[in-house]
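These notes concern the structure reproduced below.
The values are calculated or read from the model by the stated rules, or taken from the named source; none is laboratory data. Everything numeric here is computed off the predicted structure, so don't read it as measured data. Cβ sites come from the backbone with ideal geometry, for glycine too, and all protein chains shown count toward neighbours.
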Amino acid sequence: MNSLKNTVHLIGRLGQDPEVRTLDGGRKVARLSLATGETYASKDGNRRAAIQWHNLIVWGNLAGVCEKYLTKGREVAIAGKLTYRKWEDSQGLKHTNTEILVDELLLVGNSK
């Protein structure tokens, strides 16, 4: 059961091209936004879509794969873990950001 702790699996489409940076020492990091959604019937009978956006962080060789193969609209499946970053800005306001650290990535469909 330990393998089930803090595990996230999602399939969705990229909302933008990956933002990839190469850090000192050559290690890469990629930031992506992933949209997942579902459709449902509202009370008035119309079909509605509920879209959720997820912030993804990808490190190392997998970030290089993102840089080479991923573009906006591409459907992907990811596995990773949920993390939270907290910081305080220059005005003293506290912020929290929820991110998924991606361990595995699979290209699912064609890009749109």
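Look at VAL102 and say whether it is closer than 14 Å to ILE11 by Cβ, modelled with pLDDT of 95 or more and either among the small types (Gly, Ala, Ser) or out of contact with any His (no Cβ under 9 Å at 6 or more places or on another chain) (or both). Let's see the steps before the verdict.
Values: closer than 14 Å to ILE11 by Cβ: yes; modelled with pLDDT of 95 or more: yes; either among the small types (Gly, Ala, Ser) or out of contact with any His (no Cβ under 9 Å at 6 or more places or on another chain) (or both): yes.
In short, yes.
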Those residues of the range 49-82 which are crowded, with 16+ Cβ neighbours inside 10 Å and closer than 16 Å to GLN16 by Cβ amount to HIS54, LEU56, ILE57, VAL58, ALA63, CYS66, GLU67, LEU70, ARG74, GLU75, VAL76, ILE78
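What are the residues in the range 76-97 that are hydrophobic (A, V, I, L, M, F, W, C), touching a residue at least 40 places away in the same chain (Cβ under 8 Å) and in contact with a His (Cβ under 9 Å, 6 or more places away or on another chain), if any?
Let us first name the residues in the range 76-97 that are hydrophobic (A, V, I, L, M, F, W, C), namely 76-79, 82, 87, 93.
When the remaining residues are screened for being touching a residue at least 40 places away in the same chain (Cβ under 8 Å), the result is 76-79, 82.
Across the range 76-97, the qualifying residues are ALA77, ILE78, ALA79.
Suppose the filter is modelled with pLDDT of 95 or more and surrounded by fewer than 12 Cβ atoms within 10 Å (Cβ to Cβ); does HIS9 pass it?
Values: modelled with pLDDT of 95 or more: yes; surrounded by fewer than 12 Cβ atoms within 10 Å (Cβ to Cβ): yes.
Spelling it out, HIS9 is indeed modelled with pLDDT of 95 or more and surrounded by fewer than 12 Cβ atoms within 10 Å (Cβ to Cβ).
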If you take the residues of the range 83-99 that are closer than 20 Å to LEU10 by Cβ and not β-branched (Val, Ile, Thr), which of them is surrounded by the most Cβ atoms within 10 Å (Cβ to Cβ)? GLU99
